[in-house]
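The values are calculated or read from the model by the stated rules, or taken from the named source; none is laboratory data. All values derive from a computational prediction rather than experimental measurement. We place every Cβ from the backbone using ideal geometry, glycine too, and count neighbours over all the protein chains shown. All accessible areas refer to the heavy atoms of the entire protein, side chains included, with ligands and DNA or RNA removed. Shrake-Rupley method; radii C 1.70, N 1.55, O 1.52, S 1.80 Å.
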Amino acid sequence: MATILAMPTRTAFEVIFDMLALDHMDAIQTKYHSLIRKAVEEQLFSEPDTPTRNRKPLLRETAIGATWEVRCGPDNRFRIFYDVQRDQHLVVVLAIARKVGNQLLVGKEKFEL
């Protein structure tokens with residue numbers, strides 16, 4: 001007789017993208033779009049505010065209101081900045097950036113790290 005183990009269900013979060021984040025995607029080569037979408041699906045739909053190797057809370061306040069980031073892609077070159085509204089089970093992706101050296105490219109803007 002087989003034993004069936006019930007996995008605990010995780011609360012799913014709804015993920016929405018700010019319009020600016022969608023504009024930021026336009027600045028990234030399309031060959032990486034599916035990789036970024038996959039990272040969003042794997043990292044943000046369940047436990048988006050639990051730190052992991054590539055998912056971290058931001059230590060400083062940001063101008064866009066992001067409180068978390070996910071690193072993904074080859075050499076972790078992409079950053080997905082987001083905020084979690086736990087009481088509403090909602091994740092808002094606020095920015096998507098590409099890291100080049102010590103610069104963060106967000107859309108057409110450059111920021112020194």
#### Entry: Whichever residue in segment 79-94 is within 18 Å of Ala27 (Cα to Cα) and out of contact with any Phe, Trp or Tyr (no Cβ under 7 Å at 6 or more places or on another chain) and, among such residues, is least open to solvent (accessible area, probe 1.4 Å)
Ile80
### Message
Can you go through Leu113, Leu105 and tell me which one is among the aliphatic types (A, V, I, L, M) and either within 17 Å of Glu14 (Cα to Cα) or touching a Leu at 6+ places or on another chain (Cβ under 9 Å) (or both)?
### Response
Leu113
### Query
Can you find even one residue in segment 97-112 that is under 11 Å from the mean Cα position of the chain (by Cα) and under 21 Å from Ile16 (Cα atoms)?
yes
### Task
State which residue is most open to solvent (accessible area, probe 1.4 Å) when the search covers only segment 21-67 and only residues that are of a type in the set (Gly, Ala, Ser) and either closer than 12 Å to Asp83 by Cα or free of Cβ contacts under 8 Å to residues at least 60 places away in the same chain (or both).
Ala63
### Message
Return the residues of segment 61-93 that are of a type in the set (A, V, I, L, M, F, W, C), touching a strand residue (DSSP E or B) at 6+ places or on another chain (Cβ under 7 Å) and farther than 20 Å from Leu35 by Cα; say none if nothing qualifies.
### Response
Ile64, Ala66, Val84, Leu90
### Message
Condition first: more than 17 Å from Gln29 (Cβ to Cβ) and basic (Lys, Arg). Can you find one or more residues in segment 98-107 that meet it?
### Response
no
